[in-house]
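The values are calculated or read from the model by the stated rules, or taken from the named source; none is laboratory data. All of these numbers come straight from a predicted model, not from anything done at the bench. Virtual Cβ from ideal backbone geometry, glycine too; neighbours counted across all protein chains shown.
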Amino acid sequence: MRYYWKKAKGLRRKKKCPKMRKKRQKSLMGHKKDAWREFSRYIRLRDCFDNTEHAFCFTCRKPYHYKDMQAGHYIHDLNSTYFNPMNVHAQCVRCNYFLNGNGKVYRKHMVDTYGRKAVDKLERSAKAGKKFTKGELIRLKKRYKRLIPKLKDRYYGRTTQIGFD
Ligand SMILES: [Zn+2]
């Protein structure tokens with residue numbers, strides 16, 4: 001009796017183990033999503049003005065609550081600039097999603113904010129390409145998670161300092 005019980009228990013364990021191990025391992029994409037969640041919140045809060053939780057859309061300049069906004073890229077899809085704070089700004093859903101980033105206006109406002117030289121440099125750096133490692137993504141997530149409470153105290157909005165038309 002005892003032998004069979006042990007055997008059965010052993011089998012159960014064998015079956016359970018691979019599943020449990022699978023659950024614990026997060027894919028690179030999963031780590032990227034985690035890092036992006038924190039980074040996106042950081043960007044949208046960074047762009048808030050005065051003592052509010054509202055930010056102007058970087059391209060159409062309309063104000064929205066940061067939770068209704070998205071963090072929109074100037075240069076899309078390339079890993080090297082994916083988590084570059086200069087490449088990402090708070091954007092409304094219309095500009096980021098429906099107008100696909102509103103690229104022409106985005107470039108104009110990038111040049112107004114950072115200057116042509118800096119924008120050219122960013123564009124050049126994007127061409128280099130990069131693949132993030134798991135460790136880098138975890139560090140990015142931690143860094144922006146740590147920075148968010150500091151932002152909330154200060155509420156500085158760099159985009160508001162350059163003035164609006
Ligand atoms: Zn907009």
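Output the strands (runs of 3 or more DSSP E) that fall wholly within the stretch 57-155 and possess 3 or more residues being surrounded by 14 or more Cβ atoms within 10 Å (Cβ to Cβ), within 14 Å of the ligand (Cβ to nearest atom) and among the aromatic types (Phe, Trp, Tyr), or say none. Spell out the reasoning first.
On the way: elements: 63-65, 70-73, 88-91.
No strands (runs of 3 or more DSSP E) qualify here.
Examine the stretch 26-39 for a residue that is at pLDDT below 95 and either within 16 Å of the ligand (Cβ to nearest atom) or in contact with a Pro (Cβ under 8 Å, 6 or more places away or on another chain) (or both), and state whether such a residue exists.
The answer is no; no qualifying residue exists.
Taking the stretch 40-56 as the search range and keeping residues that are of a type in the set (Asp, Glu) and surrounded by fewer than 18 Cβ atoms within 10 Å (Cβ to Cβ), which one is farthest from the ligand (Cβ to nearest atom)? It would help to see each step written out before you state the result.
As a first pass, look at the stretch 40-56 and keep what is of a type in the set (Asp, Glu): 47, 50, 53.
In the following step, the residues that additionally are surrounded by fewer than 18 Cβ atoms within 10 Å (Cβ to Cβ) were identified as 50, 53.
Values: Asp50: 19, Glu53: 17 Å.
Per the criteria, the residue is Asp50.
Report every pair of residues separated by at least 6 positions or lying on different chains whose Cβ atoms are under 8 Å apart, first residue within the stretch 84-98 and over 12 Å from Thr59 (Cβ atoms), second near the ligand (Cβ under 9 Å from one of its atoms) and assigned to a strand (DSSP E or B).
Within 8 Å, the pairs are Val88/Gly72.
Which residue is farthest from Lys26 (Cα to Cα), if the candidates are limited to the stretch 119-138 and must be modelled with pLDDT of 95 or more and among the hydrophobic types (A, V, I, L, M, F, W, C)?
Across the stretch 119-138, the extreme among qualifying residues is Val119.
Kindly provide the set of residues from the stretch 131-152 that are touching a residue at least 40 places away in the same chain (Cβ under 8 Å) and more than 16 Å from the chain's Cα centre (by Cα), ordered by number.
Lys152
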